[in-house]
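Report on the following structure.
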Amino acid sequence: MLEVEGLTARYGSIAALRNASLNVGSGEVVGLIGPNGAGKTTLLSAIAGLIEPAEGRVTFERDDITGHTPEKLLRSGVALVPEHRRIFADLTVEENLKIGGVTVAPAKRAELLDEMAERFEVLSEKWDVPAGFLSGGEAQQLAIARALMSAPRLLMMDEPSLGLAPVLVDLVFELIDTLRDQGRALLVVEQNAARMLEVSDRAYVLRSGEIVATGTGAELSRRDDLFDTFVGHDAGNGTPRHAQDGPR
């Protein structure tokens, strides 16, 4: 479904991502793990059209989407839940969701609104509340629901459990499982490496802008050397690392 070949991205003279290649199959959950500064967010941003790749190629369902705008990618079936949610604080929950569904037909948008209200009960209870008054967990659910409003075939998520209470972390990972069961493909950046590997069909480990390991979630979970050398003890036990070692 998604093929990334030799992707390189730079911030000025700094190569934050170097020659990265990966793929995501239909109905597959693929994790991206690694320490802060590894290039995980940069990789998602390059795929999602938020930054222009310096080199490489991205294809989605055999169409070359390298450098396409986020709007064009949404219409192609690719959606991103960005880091730090980036919801519209002054707009209501419903208005945020309607914006997320702007690329679908009005009848489909109405169906999706009903689906989001059913799937995310806490949002249905705050339909007319400005998003800026939501808690962190509620805002994260809104960010995910807004992305789902475009009916994507590939959903990318950047740190969906970051800063959430344990019960809400459970909710996020349960949702990942549910979306996979529905046949949706997911590419997920997650600092909670151990938990991400539990739900991943496959995963890639990034370090200093390069992919240094890949395998099934089960295979990578058994490799203590990855957590010691490439990921770090904190990410291995699910504790977020806050030190920055370069562009993300």
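Of note:
- Screening ALA48 with (1) over 16 Å from LEU187 (Cβ atoms); (2) in contact with a Pro (Cβ under 7 Å, 6 or more places away or on another chain) gives one miss only, at (1).
One line per residue, one yes/no per condition, for (1) β-branched (Val, Ile, Thr); (2) buried (at least 20 other Cβ atoms within 10 Å of the Cβ); (3) touching a Lys or Arg at 6+ places or on another chain (Cβ under 7 Å); (4) assigned by TED's automatic domain parsing to the domain that holds PHE120:
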site	(1), (2), (3), (4)
VAL167	yes, no, no, no
ASP181	no, no, no, no
ALA185	no, yes, yes, no
ALA194	no, no, no, no
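- Matching residues, the range 111-150, being outside any helix (DSSP H, G or I) and surrounded by 15 or more Cβ atoms within 10 Å (Cβ to Cβ): PHE120, LYS126, PRO130, LEU134, MET149, SER150
- Failed item, numbered, when ARG57 is tested on (1) surrounded by fewer than 20 Cβ atoms within 10 Å (Cβ to Cβ); (2) in contact (Cβ under 8 Å) with a residue 24 or more places away in the chain; (3) part of a loop (DSSP other than H, G, I, E, B): (3)
- The set of residues in the range 145-176 being in contact with a strand residue (DSSP E or B) (Cβ under 8 Å, 6 or more places away or on another chain) and more than 19 Å from ILE87 (Cα to Cα) consists of ARG153, LEU154, ILE176.
- When the residues of the range 85-96 are filtered to those that are modelled with pLDDT of 95 or more and of a type in the set (A, V, I, L, M, F, W, C), the one that is surrounded by the most Cβ atoms within 10 Å (Cβ to Cβ) is VAL93.
This table checks each residue for (1) modelled with pLDDT under 95; (2) among the hydrophobic types (A, V, I, L, M, F, W, C); (3) surrounded by fewer than 21 Cβ atoms within 10 Å (Cβ to Cβ).
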site	(1), (2), (3)
SER21	no, no, yes
VAL24	no, yes, no
ASP63	yes, no, yes
GLY67	yes, no, yes
PRO70	yes, no, yes
SER76	yes, no, yes
GLU83	yes, no, yes
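The values are calculated or read from the model by the stated rules, or taken from the named source; none is laboratory data. Because the structure is predicted, anything quoted here is derived from the model rather than measured. FYI the Cβ positions are ideal-geometry reconstructions off the backbone, even for glycines, and counts take in every protein chain you see.
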